[in-house]
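Have a look at the structure below, then the notes.
The values are calculated or read from the model by the stated rules, or taken from the named source; none is laboratory data. Bear in mind the structure is a predicted one, so any value in this text is a computation, not a measurement. Note: ideal-geometry Cβ built from the backbone for every residue, glycine included; neighbour counts use all protein chains shown. The protein model used for the area step is the full one, side chains on, heavy atoms only, and it has no ligands, DNA or RNA in it. Shrake-Rupley method; radii C 1.70, N 1.55, O 1.52, S 1.80 Å.
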Amino acid sequence: MQTCDVLGIPLKVARVDASHGPGESPEDAARRARYGALARMAKSVNASVVLLGQHADDQAETMMMALGRGAGLPGLSAMGEWFLRHGVGFGRPLLAVSSWEMREALRVVGQAFVDDPSNQDQRFVRNRVRARLMPAWQATFPGFQAAVARTSRHAAQAQQLLEDLARIDLERVGIPPQIALLQSLQRHRQANALRYWLKQSANVAPSEAQMSELLDQVDACRTRGHHIRIKVASGFIERTGPSLGYSSSI
């Protein structure tokens with residue numbers, strides 16, 4: 001509030017409902033509510049872009065959490081520098097700057113700042129990563145944040161190539177995917193195309209086990225009466241005539 005007064009900027013506080021649903025982590029629910037609120041506030045003042053303060057340490061923490069979950073390339077890509085949500089652009093201009101560098105720069109210019117006390121609550125996975133793993137990595141690999149950021153960029157580039165390939169393959173097999181045409185692709189290309197199709201059309205991501213079962217079912221689907229129905233997120237991947245479809249149960 002004091003900083004806003006000094007800069008002559010009106011302060012507006014938005015209250016959100018960050019309660020999480022079944023199977024959703026508190027962190028994910030809070031993130032969804034936060035971005036929704038920021039987008040609404042940006043639109044209310046005709047702003048098309050919101051800049052976020054996430055920095056190099058946040059990026060390293062995100063990648064460590066992805067490694068712990070056994071994530072693929074999308075997870076290892078960590079946070080992108082730019083994304084769209086709720087019709088508003090969000091930018092992260094500080095991903096190459098460490099939290100220490102940010103604090104030192106603020107001290108030099110005499111700018112006060114606040115450390116969120118909730119960051120000390122180790123009930124949350126990210127805070128445990130921050131409190132326990134980050135110091136150990138820093139002691140073993142000083143300045144490791146830059147190396148992690150480089151790895152994330154490589155993963156993001158590789159993921160972009162996989163998405164380009166998925167679009168090429170989906171042009172071939174159709175949307176929704178035709179089962180017989182899917183069978184003409186190698187198994188790993190089937191998986192890549194189906195993951196991209198499900199993400200783009202239904203915003204769902206099958207687990208490794210679900211995708212393996214789906215590929216087995218696609219391979220076995222050689223007769224007109226073969227049935228496919230696999231649970232993914234809140235809905236089902238099903239055979240509809242010659243094609244695959246996804247229907248949500250919500």
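Points to keep in mind about this one:
A quick yes/no check of all residues on (1) of a type in the set (A, V, I, L, M, F, W, C); (2) farther than 27 Å from P135 by Cα:
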{"residue": "K12", "(1), (2)": "no, yes"}
{"residue": "A30", "(1), (2)": "yes, no"}
{"residue": "H55", "(1), (2)": "no, no"}
{"residue": "S77", "(1), (2)": "no, no"}
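- A residue that is open to solvent by 50 Å² or more (accessible area, probe 1.4 Å), among the charged types (D, E, K, R) and closer than 19 Å to G53 by Cβ can be found somewhere in segment 124-144.
- Some residue of segment 75-82 being more than 23 Å from L161 (Cα to Cα), at pLDDT 90 or above and either more than 21 Å from the chain's Cα centre (by Cα) or open to solvent by 60 Å² or more (accessible area, probe 1.4 Å) (or both): no
- At least 3 residues being in contact with a Leu (Cβ under 7 Å, 6 or more places away or on another chain) and within 23 Å of Q138 (Cβ to Cβ) is the threshold, and among the helices (runs of 4 or more DSSP H) wholly inside segment 4-122 those reaching it are 56-69.
- For segment 79-109, residues that are over 30 Å from S44 (Cβ atoms) and in contact with a helix residue (DSSP H, G or I) (Cβ under 7 Å, 6 or more places away or on another chain) total 3.
- The number of residues in segment 212-250 being of a type outside the set (V, I, T), touching a residue at least 12 places away in the same chain (Cβ under 8 Å) and touching a strand residue (DSSP E or B) at 6+ places or on another chain (Cβ under 9 Å) comes to 20.
- Segment 194-209, residues that are at positive phi and in contact with a Ser or Thr (Cβ under 8 Å, 6 or more places away or on another chain): none
- Cβ pairs under 9 Å, 6+ apart, first in segment 45-63 and open to solvent by less than 20 Å² (accessible area, probe 1.4 Å), second β-branched (V, I, T) and not in a helix (DSSP H, G or I): A56/V97
- Among residues of segment 84-123 being among the charged types (D, E, K, R) and open to solvent by less than 80 Å² (accessible area, probe 1.4 Å), the one that is farthest from D57 (Cα to Cα) is D121.
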